[in-house]
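Undergrad: Quick one: the structure is below, questions incoming.
The values are calculated or read from the model by the stated rules, or taken from the named source; none is laboratory data. As the structure is a computational prediction, the values presented were derived from the model and not from experiment. Every residue, glycine as well, gets a Cβ built from its backbone with ideal geometry; the counts of neighbours run over all protein chains shown.
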Amino acid sequence: MARHALELTLARGSDAAVRALWEWLSTRDMASLARHRGDSNAPHLTLAAFDNRPDDALDTTAELVLTSLLPMTVPVRSIEVLGAAVALVLTVPATLEAARDQLQRGTRHTGQLSVPWVPHVSLALRCPIPAQVLATARRGPVPERVTLAGARRWDPQLREVTTIVPVLA
């Protein structure tokens, strides 16, 4: 089931670096998000996910909380298998974790995920052999860091994104 999400989008240079890695995987016949051609497909960090659409207050609160934090450059800690996905795992500062906690506290009624948060940018989803994609990705053009620069909300029922904080970098 697709989930509503509050996502942090990347600065243009970081977006291009992740897309280059997606394309690198794709040209090697590996699972990759380069094959997802939808308009909403963009490298991002999911800050929070919800079963139901959060109320409009989330957008306002997210804008207030995140505008003071973004842009934020964070290191890529590793590439890892997360379930059937392969992702760049990020090291985020305590200020971003606190912002995430604050945003989730205000939306407890909407059914957010209760699993531990692993800050990451997905490279490939639903991989039949994730270990093979992982090994290949580690040989690719992996960025050392990414810049989180904007925020958006994904609505899977309407299949649309709403910009909350525009990417300016």
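Undergrad: Checking Leu125 against (1) surrounded by 12 or more Cβ atoms within 10 Å (Cβ to Cβ); (2) modelled with pLDDT under 90, which single condition isn't satisfied?
TA: For Leu125, the failing item is (2).
Undergrad: Checking Thr110 against (1) more than 19 Å from Arg19 (Cα to Cα); (2) modelled with pLDDT of 85 or more; (3) more than 14 Å from the chain's Cα centre (by Cα); (4) of a type in the set (Ser, Thr, Tyr), which single condition isn't satisfied?
TA: If we test Thr110 against (1) more than 19 Å from Arg19 (Cα to Cα); (2) modelled with pLDDT of 85 or more; (3) more than 14 Å from the chain's Cα centre (by Cα); (4) of a type in the set (Ser, Thr, Tyr), just (2) comes out false.
Undergrad: Same structure, new question: Can you tell me which of (1) in contact with a helix residue (DSSP H, G or I) (Cβ under 7 Å, 6 or more places away or on another chain); (2) crowded, with 20+ Cβ neighbours inside 10 Å; (3) at pLDDT below 95 is the one Ala5 doesn't meet?
TA: (1)
Undergrad: Determine the pairs where a residue that is under 15 Å from Leu134 (Cα atoms), located within the range 26-37, has a partner that is in a loop (DSSP other than H, G, I, E, B) with Cβ atoms under 8 Å apart, the partner being 6 or more residues away or on another chain.
TA: Ser26/Ser32; Ala31/Leu125; Ala31/Arg126; Ala31/Cys127; Ala31/Pro128; Leu33/Asn41; Leu33/Pro43; Leu33/Leu125
Undergrad: Identify, from the list Ala57, Ala94, Ala87, the residue that is touching a residue at least 24 places away in the same chain (Cβ under 8 Å) and farther than 30 Å from Leu25 by Cβ.
TA: From the options Ala57, Ala94, Ala87, the qualifying one is Ala57.
Undergrad: In addition: Could you look through the range 153-169, keep only residues that are modelled with pLDDT of 90 or more and assigned to a loop (DSSP other than H, G, I, E, B), and pick out the one that is farthest from Val65 (Cα to Cα)?
TA: Per the criteria, the residue is Val167.
Undergrad: Please go through the range 1-23 and pick out each residue that is hydroxyl-bearing (Ser, Thr, Tyr) and assigned to a helix (DSSP H, G or I).
TA: If the condition is that a residue be hydroxyl-bearing (Ser, Thr, Tyr) and assigned to a helix (DSSP H, G or I), then Ser14 is the only one that fits.
Undergrad: Do any strands (runs of 3 or more DSSP E) lying entirely in the range 24-91 carry at least 2 residues that are of a type in the set (A, V, I, L, M), at pLDDT 95 or above and surrounded by 13 or more Cβ atoms within 10 Å (Cβ to Cβ), and which ones are they?
TA: 72-82, 85-90
Undergrad: Return the residue satisfying two criteria in turn: it lies in the range 129-147 and is under 21 Å from Ala84 (Cβ atoms) and either assigned to a loop (DSSP other than H, G, I, E, B) or under 16 Å from the mean Cα position of the chain (by Cα) (or both), and of such residues it is modelled with the lowest pLDDT.
TA: Ile129
Undergrad: Now for a different question. Filtering the range 92-107 down to residues that are more than 25 Å from Leu123 (Cα to Cα) and either aromatic (Phe, Trp, Tyr) or surrounded by 14 or more Cβ atoms within 10 Å (Cβ to Cβ) (or both), which residue is modelled with the highest pLDDT?
TA: Restricting to residues being more than 25 Å from Leu123 (Cα to Cα) and either aromatic (Phe, Trp, Tyr) or surrounded by 14 or more Cβ atoms within 10 Å (Cβ to Cβ) (or both), the top hit is Leu103.
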